[in-house]
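A quick write-up on the structure given underneath.
The values are calculated or read from the model by the stated rules, or taken from the named source; none is laboratory data. Computed from a predicted model, the values in this text were never measured in an experiment. As a convention, Cβ positions derive from the backbone with ideal geometry for all residues, glycine included, and neighbour counts pool all protein chains shown. Keep in mind that these areas ignore ligands, DNA and RNA; they rest on the heavy atoms of the full protein, side chains included. Shrake-Rupley method; radii C 1.70, N 1.55, O 1.52, S 1.80 Å.
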Amino acid sequence: MLLSPNSLPSPSKIPAVRRARARPAANPAMESPASPASRLDFYDFIARMRRPAAAGLFHSIRNFLASLSQGEPNAEEGGARVQAFFAEMEAAIRDHPLWANASNQEIDNALEGLEKFIMTKLFDRTFASSAEDVKADMEITEKIGLLQRFVRPHHLDIPKVLHNETAWLLAVKELQKINSFKSPREKLICVLSCCQIINNLLLNVSMSNDRTLSGADDFLPILIYITIKANPPQLHSNLKFIQLFRRETKLISEVEYYLTNLISAKMFIINVDGRSLSMEESVFQAHMESARLGNHISVASSTSSQGLGTSTAGLNEESGVTEGLRFPFMDSETESLTPGEVKQLHEHYRKVVTRYKLLSKALRKLSVDEDQLLNSVDD
């Protein structure tokens, strides 16, 4: 069964997407996309396809690739056709002499090789193939980039007993690998590896602290936080690619659970607001605006640093996201300001002047360096 974000609970608030369903048991033998076993499936499939006896299967594959390569790319239509072809080829492989007396595992290995071969060939037509997908990827990446600047574990109600930066970093690294592969299976393994690290963390904490596991109440908030920290590239397109082109018979049980949770995490991020993060909406919007301003300052600082060829650590430190960069008094009347607000406004003024002085100093240094360079050329 193909998963659809429309079938998920509303992600506007964490409790709305937490499910009481128990997590599947951890699988300690999770395979890496680059493992020898994974490569063996693919190479064995290619080797068999080169045999004269496989000519009929090879022609079927070639004709299918040619037919799907015509016209404008349409991921949804392509996904349906690919799934139908996988089912057709499974029946053909089971009845083929090259797999006579083959075990179910050997048949499955051949189908894994087939999926990787087909989807590698069709990758450019099926992955992020529409302007809508590209736009969705950019919007999510930008949104996560802003959330990274101020979202902390307590905003997602993650208990301190579950804080483990080492485990979280490992999970982040696994999720960030997702764009390194072109087959749905290999991308999915990155998701599963990330989720199993979280699951193992929860199991270890429950055993060492005699703590009762509470299903997705613990799992999903951590996965959301990991997704924000990782900001995996093209998250929307990767999830869509897995949903449409991973063999349907493989999107079940543990795999379905973890993939559904990552889709929920994505939807939470898309729809996040103040209530989602246990804060007032005005505070949330102020954080987002501050983060946007911080991004602009970081870009300017980076550009200045490259031009100067020198360190701007002090400037970068000053241009971090602070409570003073919210401009809350832009539309206020002078007479309406309280003494406390005047004091706060004065703090804003000091920070602005400090930044101005740092930027002016950097620009003067750039001018001096340019003059010296021109003088050295004249000499």
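Quick notes on this structure:
- Residues being of a type in the set (Lys, Arg) and either open to solvent by less than 10 Å² (accessible area, probe 1.4 Å) or touching a Pro at 6+ places or on another chain (Cβ under 7 Å) (or both) - total across segment 228-275: 1
- Condition check for Leu201: assigned to a helix (DSSP H, G or I) and either under 17 Å from the mean Cα position of the chain (by Cα) or surrounded by 24 or more Cβ atoms within 10 Å (Cβ to Cβ) (or both): no
- Within segment 43-62, not a single residue is of a type in the set (Asp, Glu), under 16 Å from Leu244 (Cα atoms) and either open to solvent by 20 Å² or more (accessible area, probe 1.4 Å) or modelled with pLDDT of 90 or more (or both).
- Residue that is surrounded by 15 or more Cβ atoms within 10 Å (Cβ to Cβ) and among the basic types (Lys, Arg), where the choices are Arg94, Arg149, Arg81: Arg149
- Condition met for Gln196 (under 23 Å from Leu251 (Cα atoms), buried (at least 18 other Cβ atoms within 10 Å of the Cβ) and either in contact with a helix residue (DSSP H, G or I) (Cβ under 9 Å, 6 or more places away or on another chain) or at pLDDT 95 or above (or both)): yes
- Residue list for segment 239-269, restricted to those being among the β-branched types (Val, Ile, Thr) and more than 17 Å from Arg152 (Cα to Cα): Ile242, Thr249, Ile252, Val255, Thr260, Ile263
- When restricted to residues that are in contact (Cβ under 8 Å) with a residue 12 or more places away in the chain and surrounded by fewer than 18 Cβ atoms within 10 Å (Cβ to Cβ), segment 122-132 contains 3.
- Qualifying residues in segment 52-73 (those that are of a type in the set (S, T, N, Q) and either without any contact (Cβ under 8 Å) to a residue 24 or more places away in the chain or in contact with a strand residue (DSSP E or B) (Cβ under 9 Å, 6 or more places away or on another chain) (or both)) - the one nearest to Ala110 (Cα to Cα): Asn63
- Among the residues making up segment 234-257, those that are assigned to a helix (DSSP H, G or I) and within 14 Å of the chain's Cα centre (by Cα) are Leu235, His236, Ser237, Asn238, Leu239, Lys240, Phe241, Ile242.
- Looking only at segment 152-187, and only at residues there that are closer than 25 Å to Asp273 by Cα and assigned to a loop (DSSP other than H, G, I, E, B), the one that is least open to solvent (accessible area, probe 1.4 Å): Ile158
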